[in-house]
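The structure appears below as structure tokens.
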Amino acid sequence: MSALVIAAHGSHLNPESSRPAHEHARRIRATGAFDTVQTAFWKEEPHFREALRTVPSDEVYLVPLFISEGYFTEQVIPREFRLEGWTGWDSNGTSAVTATLSAEDTGQTVHYCGPVGTHDAMSDVIVRRAESVTGDPDVGDGVGLAVVGHGTERNENSAKAVTYHADRIRARGRFDEVQALFMDEEPEVDDVTDYFTSTDVVVVPLFIADGYHTQEDIPEDMGLTEDYREGWETPATVEGHRIWYAGAVGTEPLLAEVVAERAADAGATVGDSLDRLRAGDAPVRSA
Amino acid sequence: MDREPVEALREAAAAGVEYDGLSASLDGETLQVAVEDSTTTVDDRRLDDLPEPFVPYVRNWVYWHETAPQRPAFRAFLRWLERANDGEPSAVPERYDALETGVTRTWGQLLLTARLSEGGRRRYELRHVDDRDVPAGDLQVHGGPNDAETIARHDDRDRYRPLKTAPTLRSGWLFPDLGPDEVLSVVSEFYPATIENWFREREGTLDVTHYREAAERQTGRYRSVSELPSEALEWAADACCVDSQCLKRREWDETADEPLDVPRGDGPFPCREPCSLFVAAAKEWTSLEDEATRTYEIELTPSERDQLEAIVDAVADGRVDEIREADLGDGANRYRARYLRAKRFGDVESPAFQETDRTHGSEEDTSD
Ligand code: SF4
């Protein structure tokens, strides 16, 4: 009997914040790979503190629906889930896999996995996001791809994750150009058109949920729109480039597969569910 | 799950069965069954062959041991729902009579009804307490936990609900026919972890974390909340945690030895530590409490003074939307408030509140 707990930030203000966690949980639930699939939140309910007691299994795979290693994944989650003896993953900032610990209040064995954002399969989700926003399953030839994140200001590892995936996707040679861009440091997303020669540029923000950054800041900074409330075209023309802005990568259905893969890497038996999630045949009802 | 009931009972009887007034044991190959003051023996017989008075007892045992979820918290909750209190062994026939028409319980704003269905199984209906007397046909029918998540997300004015246990659940929906596992998932979606914490409390194992301890744990942006003064903590609990704002019963205090005076609430499920919304509010109040007071002078008629109070009350009680457009007798009426603003607060050159004296100095912002 094993359970999957998906830990996400959530919000007191923005109802969209927890949507990816709920939707990916439903997708994974539908595969039947785990006896229980439970969501847990820092700002919503069940809170991190109380999520484990809602899960009947002795063995729990805990996957943070976060982009990078750092404050939330290394301090807040281990503390709030009361993971005894947590000392870190022994990671270089993008290499966390799992740590097996015991929860102080419930005695459950918790396999605490690295965040979804640094898993190698996240590169595929970014590419899938580019395919879905352009409507072209073979997108790449003659097209530039920008992966966008926070800079190092808030968290050094958040920039590392962005660069990591940009490098991996570039190495595949599918897109003409691949560039990591940031919100608060060079190279900045504001100057997106300066960094590409391709006319068509797909911009994928490496964020879990849509919210202030992905729906207000970035579209305005790139010049897709003067006022986010008026929306923008996809693609939007900016300085002779066509910008295909994708919105948060975390809402892409394929991310559910990365969540399950995180648990599988930590030892969970997930059967054919990875294939099913990759094929997208697990149904989900949107809230 | 669909084993012949007598067969299932025979298997369990080897270790002895004592449940809700039913006793069963094995005497060699012979199954001995007793209820109240009658006893019977069963050789190869099936449930249908048992004398009538035994049947509901056996079906009741089967439901709780073969059909209902075995997890202790869930089982206890479902038994609480139909008022099957352990230690009242003779209650099965009476309980079955009650279950024929339906046994109803309230859980926050949820109204749950347990009914008897085929073969002694139970089905559960769930609706909003305010819809108690609304005909089922007038309610929107739903089926499972995903629907509950959607209903719980916004209030009836379509505003996002950041606190699931706020008494702002929208009404007008119905889950007419849920099995035991489904009703538990739906309740857990409306009110996460409430069943588990209610059960822990019943068992005497609820792990309460009091405010000071919870505040000590905070880091980053919330580190400052440990500096919230005791007096302000009372006001904060009064603002957030009373029944008109949150249906959890507050079990935490300032510390185990320093209870707050604010009423805890009367709901069935406990609040075991300050929630994230409370901590976020406490952060705000901690930084506001950092300011020293000053003395202001304002010129008002007695009615205008009353009106200021009426406005604060209307906002604090969430009554603003209920005040009718033309109800000029209500001090918090929009026209009345606009009039007061035009008369007293409209002039930037001479503000309504005049500072008369500065008492204390320090008020630097310590929030991080
Ligand atoms: S701290 Fe507890 S009682 Fe107070 S608002 Fe939060 S959940 Fe409700």
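Against the numbered list (1) open to solvent by less than 10 Å² (accessible area, probe 1.4 Å); (2) closer than 26 Å to A:Arg168 by Cα, A:Ile77 comes up short only at (2). Taken as a whole, the structure leaves B:Asp257 outside the set of residues that are more than 18 Å from the chain's Cα centre (by Cα) and open to solvent by less than 30 Å² (accessible area, probe 1.4 Å).
Any residue that is under 21 Å from B:Leu233 (Cβ atoms) and more than 14 Å from every other protein chain (Cβ to nearest Cβ) - is there at least one of those in segment B:339-361? No, the conditions are met nowhere in segment B:339-361. Within segment B:84-98, does at least one residue satisfy the condition of being touching a strand residue (DSSP E or B) at 6+ places or on another chain (Cβ under 7 Å) and assigned by TED's automatic domain parsing to the domain that holds B:Tyr191? Within segment B:84-98, one or more residues are touching a strand residue (DSSP E or B) at 6+ places or on another chain (Cβ under 7 Å) and assigned by TED's automatic domain parsing to the domain that holds B:Tyr191. Of all residues in segment A:70-83, those that are free of Cβ contacts under 8 Å to residues at least 12 places away in the same chain and over 9 Å from A:Phe48 (Cβ atoms) have Cβ atoms under 8 Å from Cβ atoms of residues that are of a type in the set (S, T, N, Q) and part of a loop (DSSP other than H, G, I, E, B), 6 or more apart or on another chain, in A:Gln75/B:Thr219. Identify, please: which residue in segment A:26-51 is in contact (Cβ under 8 Å) with a residue 40 or more places away in the chain and more than 29 Å from B:Ala215 (Cα to Cα) and is, among those, farthest from the other protein chains (Cβ to nearest Cβ)? Restricting to residues being in contact (Cβ under 8 Å) with a residue 40 or more places away in the chain and more than 29 Å from B:Ala215 (Cα to Cα), the top hit is A:Ala33. When the test is whether a residue is within 16 Å of the ligand (Cβ to nearest atom) and either over 29 Å from B:Arg249 (Cα atoms) or open to solvent by 20 Å² or more (accessible area, probe 1.4 Å) (or both), B:Gln109 passes it.
Filter segment B:256-285 down to the residues that are near the ligand (Cβ under 9 Å from one of its atoms) and of a type in the set (D, E, K, R) and list them by number. The answer is B:Arg264, B:Arg272, B:Glu273. Suppose the filter is at pLDDT 95 or above and more than 8 Å from the ligand (Cβ to nearest atom); does B:Glu251 pass it? So B:Glu251 fits the description; yes. State whether one or more residues within segment B:287-305 are within 16 Å of the ligand (Cβ to nearest atom), open to solvent by 50 Å² or more (accessible area, probe 1.4 Å) and in a loop (DSSP other than H, G, I, E, B). So far as segment B:287-305 goes, no, none of its residues is within 16 Å of the ligand (Cβ to nearest atom), open to solvent by 50 Å² or more (accessible area, probe 1.4 Å) and in a loop (DSSP other than H, G, I, E, B). For A:Gly70, the test of being farther than 22 Å from B:Leu184 by Cβ and at pLDDT below 95 is passed.
Of the helices (runs of 4 or more DSSP H) lying entirely inside segment B:136-246, those containing at least 2 residues that are more than 16 Å from the ligand (Cβ to nearest atom), farther than 30 Å from B:Arg319 by Cβ and at the interface with chain A (Cβ under 9 Å from one of its Cβ atoms) span B:145-153.
The values are calculated or read from the model by the stated rules, or taken from the named source; none is laboratory data. Remember, predicted model here, so these are calculated numbers, not experimental data. Glycine gets a Cβ as well: all are built from the backbone with ideal geometry, and neighbour counts include every protein chain shown. All accessible areas refer to the heavy atoms of the entire protein, side chains included, with ligands and DNA or RNA removed. Shrake-Rupley method; radii C 1.70, N 1.55, O 1.52, S 1.80 Å.
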